[in-house]
Amino acid sequence: MLGRSRSTITREIDDGLETLVVTLPAVMTADLRLNEPRYVTLPNIMKAKKKPLETLKPEDLGVNVTPRIKTLKVTELPKRSGGVKALDGVVITLEKGQIRGLIGPNGAGKSTVIDAITGRRRLTRGKVMLDGQDVTPLGAVERRRLGLSRSFQRTSIFGGMSVLAQVELASYKMGVKDSASDAYAVLEELNLDHLTHLYAENLGYGEQRRLDLALALVGRPKLLMLDEPMAGLSVKESLGLADHLKALTSRWEVSVLLVEHDMDVVFGISDAVTVFELGRVIADGDPATVRANPRVREAYLGSAA
């Protein structure tokens, strides 16, 4: 980009291939694949000498390298339900440690997107990439073992088992070697470690929802997809769970795809928001931009937005 006063290098990973994005002050921007021999001219820094891009180091430009890693990349998702097109060319990306909110009216296609990403619904075309790996041909269990996890609208816990026993069992089934340590770490993260001995049926509803989330977090997934995790919670419980999610993405660097009807939560913790209507994306961007979008306000948020 021309006119910037400071040089930057960004190292991106897309579909498993590294890319250096070099921005130079009043010179040029080069977006070049590292496996191709290219040259970039650095007249203000390298005295007009040419140097192979793959040999450049951050200190050559006096800048820091900032990683931007795409945990999830979904391209051209189609899905038909009977003769009706449920999804129409949906494209979604999710960076490492990012929370992306998915909103839209009932029947807009949000849960269908999650089903398609997790492998519960097969695709006729399009791709689902997880950390650069194409997981489209894989089933739901295989995707879960690779780090793609989800929770459901309905709480899926075992009422007759203790909190610790069922989380440890879930961790063991995921193939985690030290399932006890993994289970306790997850429970501690969600402030459930003081309830480990209780049967799940004796927990409050808010605690049961957090336990449901704990079961989805065993094995430290790369991507966590949540389908209305705040459903049935009080305002205080919703805000508390939202705080846990925000802290979790920061400390564990897990990416979150969040389907939720509580707009205060979505716009409060999301880094990006995607809006669906009849299986199509009608808006995508940072929360402030999406909230101000006239079409979004008319179709979904209403005048109160």
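Could you list, in sequence order, all residues of the stretch 233-258 that are among the hydrophobic types (A, V, I, L, M, F, W, C) and either in a helix (DSSP H, G or I) or under 12 Å from the mean Cα position of the chain (by Cα) (or both)?
Taking the stretch 233-258 and keeping what is among the hydrophobic types (A, V, I, L, M, F, W, C), we get 233, 235, 239, 241-242, 245, 247-248, 252, 254, 256-258.
Answer for the stretch 233-258, where residues must be among the hydrophobic types (A, V, I, L, M, F, W, C) and either in a helix (DSSP H, G or I) or under 12 Å from the mean Cα position of the chain (by Cα) (or both): V235, L239, L241, A242, L245, A247, L248, W252, V254, V256, L257, L258.
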Tell me which residues, restricted to the stretch 226-245, are surrounded by fewer than 17 Cβ atoms within 10 Å (Cβ to Cβ) and touching a residue at least 60 places away in the same chain (Cβ under 8 Å). A231
Identify the single condition in (1) farther than 25 Å from G107 by Cα; (2) part of a helix (DSSP H, G or I) that R209 does not satisfy, given that it satisfies every other one. (1)
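Per-residue answers, yes or no, for (1) surrounded by 23 or more Cβ atoms within 10 Å (Cβ to Cβ); (2) aliphatic (A, V, I, L, M):
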| position | (1), (2) |
| --- | --- |
| Y205 | no, no |
| Q208 | no, no |
| W252 | no, no |
| L257 | yes, yes |
| I269 | no, yes |
Positions within the stretch 216-225 being within 16 Å of A170 (Cβ to Cβ) and either of a type in the set (D, E) or open to solvent by less than 30 Å² (accessible area, probe 1.4 Å) (or both), in sequence order: A216, L217, V218, P221, L224
Residue tally, condition part of a loop (DSSP other than H, G, I, E, B) and either small (G, A, S) or open to solvent by 60 Å² or more (accessible area, probe 1.4 Å) (or both), over the stretch 125-137: 5
Would you point out which residue out of L192, L213 is more than 27 Å from R120 (Cα to Cα) and among the hydrophobic types (A, V, I, L, M, F, W, C)? L192
Would you say R280 is among the basic types (K, R), touching a residue at least 60 places away in the same chain (Cβ under 8 Å) and out of contact with any Phe, Trp or Tyr (no Cβ under 8 Å at 6 or more places or on another chain)? yes
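The values are calculated or read from the model by the stated rules, or taken from the named source; none is laboratory data. Computed from a prediction, not measured in an experiment: that's the story for all the values here. Note that we place each Cβ from the backbone using ideal geometry, even for glycine, and neighbour counts take in every protein chain shown. The protein model used for the area step is the full one, side chains on, heavy atoms only, and it has no ligands, DNA or RNA in it. Shrake-Rupley method; radii C 1.70, N 1.55, O 1.52, S 1.80 Å.
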